[in-house]
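Okay, so here's the structure we're looking at.
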Amino acid sequence: MDLNTITAVAHPQTRAQLPVWTAGDAWLAGGTWLFSEPQTHLTRLIDLTDLKWPALTVTDSNLSIAATCTVAQLDGFACPPDWLAAPLIGQCCRAFLASFKIWKTATVGGNLCMSLPAGPMISLTAALDGVCTIWKAGGGEQKIPVVGFVTGNQRNRLTPGDLLRQIDIPLAALKRRTAFRQISLAPVGRSAALLIGSLDADGTLLLTITASTVRPIQLSFRDAPDATELHDAISHQITDDLYHTDIHGQPLWRKHMTVRLAEEIRCELLGATP
C-alpha cells in the first residue's frame with residue numbers, strides 16, 4: 001500500500017546520524033506491516049537498512065540477532081550440532097504461515113515490536129532467555145528480557161523514539177533439550193496457543209506460554225512436576241484476564257489448550273506418562 005502522507009525518508013548510516021524523533025516518525029525495517037494498511041498519521045520514515053547490522057553474530061556467550069535480521073536469514077542459519085534447541089528456530093519461523101516473500105522481508109525485531117500475542121519470534125526468543133538491547137531516544141542503552149519486553153496485546157516497553165537494536169540468546173539456552181507445541185483453529189491460521197518447554201542440565205523445566213496469552217508467561221520448575229502440579233501452576237499464575245480473545249480463539253478454549261499442550265510438553269521432556 002502506498003503511504004501517501006510520507007514527505008521524507010531518512011537513511012542514517014550510524015547511530016549518530018539517527019534523526020531526532022518527532023511525532024509522525026516511524027522506523028522502517030521490513031515494512032511488511034507498515035505497508036499493509038493506511039498510516040495516515042505518519043509523515044517520515046527512518047530507514048534502518050543503511051545501518052547494515054550483521055544479521056546473526058555468534059560470540060563466546062551469545063547468539064546475537066539483529067533487529068533487522070529477516071525470518072529467512074534466521075531460518076537459514078547453520079547451527080552447531082550441540083545446539084539441541086536449534087529445531088525451535090525452524091518451528092517458530094514456520095508458525096508465521098507466511099509466503100516466501102514475507103520471509104525475505106519481515107524482520108525478527110519487527111515481530112517483537114509489533115507485540116502481537118501470536119508473534120512467533122517473541123515465542124522463540126522468550127523461550128531461549130533472550131535479552132533485548134534498546135537504543136534509548138535520549139541516548140544510552142537499556143537491556144530487557146524478552147519475556148518482560150512484551151507487556152500486552154500490541155504493547156511493549158518501548159517509548160517514542162526508542163529503537164530495538166538486537167536480541168541476545170545465551171548459548172547455554174540453545175544447548176537445552178526443548179519441546180514445541182502449537183495449535184490454531186484452522187489448518188492454516190494464526191497461532192491460538194504456542195508453548196515451548198526446555199529442560200536444563202540441572203533438571204529445571206522451563207515452560208514458556210505464548211499466543212494463548214496477551215503476553216509471554218514463563219513457569220519454572222526446579223523439581224519435575226507431575227500433571228497436577230503443572231495444572232495448578234498454570235491456573236495460579238495465569239489468571240483468566242491474561243488469556244487472549246479474538247476471532248482465532250476464545251479465552252476458555254485457549255486456556256484448555258494451554259493446559260493440554262503443557263502436559264504434552266511435560267511428558268515429552270520428562271518421559272512421563274500423561
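The values are calculated or read from the model by the stated rules, or taken from the named source; none is laboratory data. The shown structure was predicted, so the numbers you read here are calculated from the model rather than taken from an experiment. Cβ: placed from backbone, ideal geometry, glycine included. Neighbour counts: every protein chain shown. Only protein heavy atoms, including side chains, enter the accessible area calculation; ligands, DNA and RNA are left aside. Shrake-Rupley method; radii C 1.70, N 1.55, O 1.52, S 1.80 Å.
For the reader, a short list of remarks on this structure follows.
- Taking every residue in the stretch 143-157 that is free of Cβ contacts under 8 Å to residues at least 60 places away in the same chain and pairing it with any residue that is of a type in the set (Asp, Glu) and open to solvent by 30 Å² or more (accessible area, probe 1.4 Å), at least 6 positions away or on another chain, the pairs with Cβ-Cβ distances below 8 Å are Pro145/Asp129.
- Some residue of the stretch 207-220 being open to solvent by 10 Å² or more (accessible area, probe 1.4 Å), of a type outside the set (S, T, N, Q) and over 15 Å from the mean Cα position of the chain (by Cα): no
- Among helices (runs of 4 or more DSSP H) entirely within the stretch 59-176, having at least 2 residues that are closer than 20 Å to Leu195 by Cβ singles out 87-94, 108-114, 120-127, 146-149, 171-174.
- Checking each residue in the stretch 222-274 for being free of Cβ contacts under 8 Å to residues at least 12 places away in the same chain, open to solvent by less than 90 Å² (accessible area, probe 1.4 Å), in a helix (DSSP H, G or I) and acidic (Asp, Glu) picks out only Asp232.
- Residues located in the stretch 175-196, provided they are of a type in the set (A, V, I, L, M), open to solvent by less than 50 Å² (accessible area, probe 1.4 Å) and out of contact with any strand residue (DSSP E or B) (no Cβ under 8 Å at 6 or more places or on another chain): Ala186
- Criterion (touching a helix residue (DSSP H, G or I) at 6+ places or on another chain (Cβ under 9 Å) and in a strand (DSSP E or B)) met by exactly one of Leu206, Leu185: Leu206
Residue-by-condition table, conditions (1) modelled with pLDDT under 95; (2) touching a strand residue (DSSP E or B) at 6+ places or on another chain (Cβ under 6 Å); (3) of a type in the set (Gly, Ala, Ser):
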site: Ala10; (1), (2), (3): no, yes, yes
site: Gln13; (1), (2), (3): no, no, no
site: Pro19; (1), (2), (3): no, yes, no
site: Ala23; (1), (2), (3): no, no, yes
site: Trp33; (1), (2), (3): yes, no, no
site: Glu37; (1), (2), (3): yes, no, no
site: Leu42; (1), (2), (3): no, yes, no
site: Asp50; (1), (2), (3): no, no, no
site: Ala55; (1), (2), (3): no, yes, yes
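- For the stretch 93-129, filtered to residues that are farther than 15 Å from Ile65 by Cβ and of a type in the set (Ser, Thr, Tyr), the residue that is surrounded by the most Cβ atoms within 10 Å (Cβ to Cβ) is Ser115.
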